[in-house]
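Colleague: Quick one: the structure is below, questions incoming.
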Amino acid sequence: MCNLYSMSKGQQAILELAGAMRDATGNLPMLPGIFPDYAAPIVRTGADDVRELAMARWGMPSPAMALQGKKVDRGVTNVRNTASPHWRRWLVPAARCLVPFTSFSEPGLNAEGKSEPVWFALDENRPLAFFAGIWTGWTSTRKVAEGEVTCDLFAFLTTEPNAEVATIHPKAMPVILTEEQDVETWLAEPWSEASLLQRPLKDGALRIVALGTKSDGGDGSDRAPTVSLALR
């Protein structure tokens, strides 16, 4: 599953691509390495029906069964089973969002059999695109030291992998939206239509752009030397 991604474009680029009218993120920095429970930008429909760019923490509330005997809820970053009653409540248009990214990572194995990140993007220039996400406001304890907090949370949907991702991670890939009509469908249409977007990106649409790094700034300066990867 994808538990690491990068967003290396400015907020104005996100606003323009998403057709958002309001920016609630403040001074948004480049985010070359976004990990679970990090704050990251999402695009959602606000309470006044205005499309906005906002910040949320990565990791939706966990199902109750997964929390039995635990003091904290670290959240669920990737959502696959949209038929689950736990997730169905957040599949309505008001709870859907776009998660902007420029590249994402899946765990690969190098020639020595050690796990190393493999970074995928639409091409070497890492153009901006969106994961199909969901979000909610929630009160929970995410870290013992932090205590109970109320904050906005998000995750994104996954699906079966396309040809490029399957060579590294054969179980799943994020649901990626690259077409304007798909963005509009995801944010506004009934689930009967939006659910059709839970599908892999077409084969040939992704490139491996970096190997072995915990972040992807997009300029090559943080890129590790090319290594041989063992296919899973």
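Colleague: Starting from the Kirkwood Rh over alpha-carbon pairs, what translational D in µm² s⁻¹ does the range 46-98 have by Stokes-Einstein at 37 °C and 0.692 mPa s?
Modeller: Result for D is 253 µm²/s.
Colleague: On alpha-carbon atoms, Rg over Rh for the chain using Kirkwood Rh?
Modeller: We get a ratio of 0.95 for the chain.
Colleague: Once every DSSP H run of n ≥ 4 in the chain is given -39500 (n - 2.57) and the sum is divided by its residues, what mean residue ellipticity at 222 nm do you get, rounded to the nearest 500 deg cm²/dmol? Intermediate values should be presented prior to the final figure.
Modeller: Working: 5 runs with 29 residues, N = 232.
It lands at -2500 deg cm²/dmol.
Colleague: Tell me, how many Å apart are the Cα centres for the range 186-214 and for the range 2-23?
Modeller: Spelled out, the Cα-based centre of one part sits 16 Å from the other.
Colleague: Sticking with this structure for a sec: Could you order peptides 70-76, 31-37 by the average number of other Cβ atoms within 10 Å of their residues, highest first?
Modeller: Ranking the peptides 70-76, 31-37 by packing returns 31-37, 70-76.
Colleague: Let me ask something else. Determine the shape class of the range 14-128: with a ≥ b ≥ c the square roots of the Cα gyration tensor eigenvalues, call it rounded for a/c under 1.5, and otherwise prolate if a/b is greater than b/c, oblate otherwise. Please report the intermediate quantities before stating the final value.
Modeller: Numbers: a/c = 1.92, a/b = 1.08, b/c = 1.78.
Since a/c reaches 1.5 but b/c is at least a/b, the shape of the range 14-128 is classed as oblate.
Colleague: Pull up the DSSP beta bridges for the chain and report the antiparallel fraction as a percent, rounded to 5.
Modeller: Of the beta bridges lying entirely in the chain, close to 90 percent run antiparallel.
Colleague: Gap in Å between the Cα centre of the range 120-145 and the Cα centre of the range 33-110?
Modeller: 6
Colleague: Let me ask something else. If a/c stays under 1.5 just call it rounded; otherwise compare a/b with b/c (prolate if a/b is bigger, oblate if not). Do that for the range 150-192, with a ≥ b ≥ c from the square roots of the Cα gyration tensor eigenvalues.
Modeller: oblate
Colleague: Further question: Running a GNM on the chain with Cα contacts under 10 Å, which residue among Ser140, Ser215, Ser105 ends up with the highest mean-square fluctuation?
Modeller: Of Ser140, Ser215, Ser105, the most mobile in the Gaussian network model is Ser140.
Colleague: So for the range 5-218, taking the charge dipole from beta-carbon charges (+1 Lys/Arg, -1 Asp/Glu), which of Trp90, Thr139, Val183 sits furthest toward the positive end?
Modeller: Working it through, the farthest residue towards the positive pole turns out to be Thr139.
Read-outs throughout are calculated quantities, based only on the coordinates presented, and are distinct from any laboratory measurement. Remember, it's a predicted structure, so these values are computed and weren't measured experimentally. Counting neighbours? That spans all protein chains shown, and the Cβs are built from the backbone with ideal geometry, glycine included.
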